[in-house]
Amino acid sequence: MAFSTATPTAYCSRCSASNENLLPSSPFKIPRLGPSFWPWEKVKMGPLTVSPMGFGTWAWGNQLLWGYQEAMDGDLQQTFDLAVRNGINLFDTADSYGTGRLNGQSERLLGKFIRQKRVRGDIVIATKFAAYPWRLTPGQFVKACQYGFAASVTLTQHTLRLALHLFSELNWSSLDRMQIEQIGVGQLHWSTANYAPLQELALWDGLVAMYEKGLVRAVGVSNYGPKQLVKIHRYLKARDVPLCSAQVQFSLLSMGEDQMEIKDICDSLGIRLISYSPLGLGMLTGKYTDSRLPSGPRALLFSQILPGLEPLLSSLREIAQRRNKTIPQVAINWCICKGTIPIPGVKTVKQAEENLGALGWRLSSDEILQLENAARESPRKMIQNIFQTR
Ligand SMILES: NC(=O)c1ccc[n+]([C@@H]2O[C@H](COP(=O)([O-])OP(=O)(O)OC[C@H]3O[C@@H](n4cnc5c(N)ncnc54)[C@H](OP(=O)(O)O)[C@@H]3O)[C@@H](O)[C@H]2O)c1
């Protein structure tokens with residue numbers, strides 16, 4: 001199944017979240033009228049229908065890179081609620097998201113927010129299963145997903161209380177953590193083809209088993225390069241398992257030959273490309289400069305890339321001003337115009353509200369060209385994920 005990436009161009013000033021912010025200050029807040037995009041802009045992804053943009057939740061539990069604290073949970077719940085109210089139904093997470101004892105926190109929070117908002121049916125959770133070295137068989141991969149570990153613990157909790165404590169929540173499955181009936185998209189977080197080809201086959205069979213058991217509605221991959229993508233697609237197709245999505249780093253800072261080749265393959269095979277890090281981890285928001293860096297490990301990366309980023313940032317700024325948009329809205333809109341589903345990471349209600357303003361309108365082809373020419377002037381691009389294969 002192949003599909004065209006062309007979707008009708010629409011400017012939806014009625015409901016763009018950003019427009020609300022641009023209204024002259026008034027004591028009255030205009031109520032939201034619904035989704036920030038037109039119904040026909042929804043995207044088919046295998047058997048699922050999703051919003052033209054999802055939200056990423058890597059930061060929800062990650063202290064090291066993103067400075068997460070449990071005190072943020074209330075704000076994150078409001079962020080989730082705002083997204084859902086505005087028609088966003090795709091949320092990306094992973095079983096490895098969350099640092100230390102908070103491992104799995106992103107999945108736990110999503111599950112909790114879904115239950116509290118009572119919106120199970122329509123929400124598509126796309127979680128990623130890590131290709132940990134101890135997940136060596138299809139059965140072990142299925143265990144990473146399915147209910148069960150928590151139930152067995154309940155039965156034997158008196159004798160195993162201490163062991164459970166030591167064992168930590170690392171061993172719980174994604175469905176245990178989220179407490180939902182079924183996962184929308186079960187994605188392989190990365191390929192082991194480069195260093196453990198036999199494990200790779202077991203993981204593929206694990207994905208097949210998850211799908212056949214109905215634990216996931218569709219399957220996807222992440223960090224797969226063009227060659228591996230074609231191989232896994234063929235393998236799954238032979239087993240009647242449709243590959244619905246491929247997730248790669250895709251942004252104005254990550255638009256190399258590989259990304260474009262992956263996009264072409266996706267289009268010809270009917271796979272949706274999900275753009276991760278569409279804001280270049282925050283560099284494409286315009287709020288960081290080489291003298292105003294984020295705290296933590298991002299500072300080192302940003303200090304190398306940001307000095308050469310001025311041509312791109314000024315193009316983004318110029319287009320944003322002309323369009324009455326903001327820089328992140330333009331950067332995200334570029335990903336949509338390239339026919340991908342961006343999943344910007346959001347940490348606050350304000351960021352989610354602003355990013356919703358990337359929907360309901362389209363950059364012109366001249367603006368796209370202007371941005372891409374400016375991006376090519378940047379001497380340094382994003383570092384690719386170490387797990388990205390060819
Ligand atoms: N498959 C994979 O291997 C993989 C790898 C990476 C990411 N992902 C997925 O993709 C998602 C998005 O990527 P990402 O989080 O790496 O990077 P990103 O989307 O490029 O950047 C997100 C960060 O930018 C800042 N931000 C977002 N919106 C903003 C706004 N409107 N104004 C100002 N700042 C804003 C926030 O951080 P600050 O406020 O701290 O600057 C936010 O956490 C992740 O959450 C994850 O779900 C997948």
Point to revise | Amide H contacts of V221 (H built 1.01 Å from N, under 5 Å, at least 5 apart or other chain) | key: L188, S245, A246, Q247
Revision key, fill the gap. Over the chain, the sum of -39500 (n - 2.57) across DSSP H runs of at least four, divided by residue number and rounded to 500 deg cm²/dmol, gives at 222 nm -12000 deg cm²/dmol
Exercise for review: Determine, for each peptide in 102-109, 141-148, the mean count of other beta carbons within 10 angstrom over its residues, then list the peptides with the highest first.
Suggested key: 102-109, 141-148
Review point. Each label point is 7 Å from the Cα along the Cα-to-Cβ direction; what then is the distance between the points at L65 and E257, in nm?
Key: 2.7 nm
Point to revise | Charge dipole (debye, nearest 20) of the range 39-376; +1 at Cβ of Lys and Arg, -1 at Cβ of Asp and Glu | key: 500 debye
Revision key, fill the gap. Most packed first (mean Cβ within 10 Å per residue), the peptides 265-273, 64-72, 184-192 order as 184-192, 265-273, 64-72
Practice item. Using 0.36 nm per residue of separation minus the Cα-Cα distance, give me the extension gain between L300 and R118 in nm, one decimal. Key: 61.4 nm
Study note, to complete from the structure: Taking Cα atoms only, helix 226-238 is inclined relative to the longest principal axis of the chain by an angle, in degrees rounded to 10, of 50 degrees
Point to revise | Scaled radius of gyration (Cα, divided by 2.2 N^0.38 Å) that the chain gives | key: 0.97
Exercise for review: Starting from the Cα-Cα distance between E212 and R376, subtract it from 0.36 nm times their residue separation and give me the gain in nm to one decimal.
Suggested key: 54.6 nm
Practice item. Past 26 Å, Cα to Cα, is the threshold; run K44/K350; K287/K338; K44/K143; K128/K231 against it and keep the listed order. Key: K44/K350; K44/K143
Practice item. For helix 197-212, report the angle its Cα long axis makes with the longest principal axis of the Cα atoms of the chain; keep it between 0 and 90° and round to the nearest 10°. Key: 90 degrees
Check your understanding: Mind checking the angle between helix 327-337 and the chain's longest principal axis? C-alpha axes, 0 to 90 degrees, to the nearest 10.
Key -> 70 degrees
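A short reminder: the numbers here are calculations on the coordinates, not readings from a lab. Quick caveat, the model's predicted, so the values are computed rather than measured. Positions of Cβ are generated from backbone atoms using ideal geometry, with glycine treated the same way; all protein chains shown enter the neighbour counts.
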